[in-house]
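Trainee: Following this message is one structure expressed as structure tokens.
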Amino acid sequence: MVPEPLPLVDVKVSDIQSIAKIIVVPEVLAAVIQQFPFKKTVGTILISYPDQHKESSSQQNQEFDEDEQLYGAMNYKQKYPTTEIPIQELVPGTLAIVVPHFSHIIVNNVLAQQLTNTLSTSIWITLAPCALENLISCSKLSLNLASYDGGLPKTVALIPNLGPPHCFTGISAAINSLVTECPLISIALNAEGQPGFEKVTNSIQLEAAKIIGSFAYDDNENLQAHYAKNLSTRLRKLMANDDYGMYL
């Protein structure tokens, strides 16, 4: 069995004086980030794969078949596409990254490793879909918060801690596994569905927005309310039936 190739991850950020907070969310929760009114792109993450097909083809000592080589190259690029992810600044000093779903889950680990090695911040904040029980809409998993001197929003203290047997996967789990000393807080949001394609209700996304908004706007209630209103309007337009679904 041929092993999956490891991706190459290149993280580039423009000259920012300091990064106070980095927020990482999976694509299913992208709306929470997209509705920040004055965000701007300050960097990119490029995920690519070494052209192993080309390398192996050049080593073959057999007659060259142009059609076969073209088909093989196209198939390889479809299976291992190049992905570009923007790094956005929501407010000065607060960055956000929306990570798409990868069919090859190893990409999450490589990406998380490169992010934690390249970017320095005062706190990591992640959102993660999770199948919670007992009608709980969100829970938190935190690390090293005692060493965080930035001041936690009031909303964080009200979130219950995540306990067994609950768990989450994807980019949030990958970052959790790599951060050892920096303060980190992961917000698990009640969801259902297959990993990477979870369904999160409008009401829970708005609850997540309150948490992220309180981090970004440092408890400025007017700015938080404006941001939450933008998100609520967007969700009503795009996901009018979000609270109703059927899985086969």
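Values in this text are rule-based calculations from the coordinates and carry no lab data. What you see is a predicted model, and the numbers here were worked out from it, not measured in a lab. Here the Cβ is made from the backbone with ideal geometry for all residues, glycine too, and neighbour counts use every protein chain on show.
Trainee: How far is it, in nm, from the label point at Glu192 to the one at Asp10 when both lie 7 Å from their Cα along the line to the Cβ?
Mentor: 4.4 nm
Trainee: May I ask you to compute the full-extension gain from Asn222 to Val42, defined as 0.36 nm times their residue separation minus their alpha-carbon distance, rounded to one decimal in nm?
Mentor: Details: separation 180, 0.36 × 180 = 64.80 nm, distance 2.55 nm.
Taking Asn222 through Val42 to full extension adds about 62.3 nm, to one decimal.
Trainee: Another question about this same structure. Taking the alpha-carbon centroid of each part, what is the distance from the range 105-154 to the range 6-47 in angstrom?
Mentor: Cα centres, the range 105-154 to the range 6-47: 14 Å.
Trainee: Can you tell me the length gained on complete extension of the stretch Ser103 to Arg236, counting 0.36 nm per residue apart and subtracting the Cα distance?
Mentor: Result: 44.9 nm gained on full extension.
Trainee: Work from the charge dipole of the range 8-238 (Cβ charges, +1 for Lys and Arg, -1 for Asp and Glu, about the Cα centre) and give the residue of Ala173, Pro81, His104 farthest towards its positive end.
Mentor: Most positive-ward Cα: Ala173.
Trainee: Another question about this same structure. Find the Cα radius of gyration of the range 8-238, compare it with 2.2 N^0.38 Å by division, and give the number to two decimals.
Mentor: Dividing the Cα Rg of the range 8-238 by 2.2 N^0.38 Å gives 1.14.
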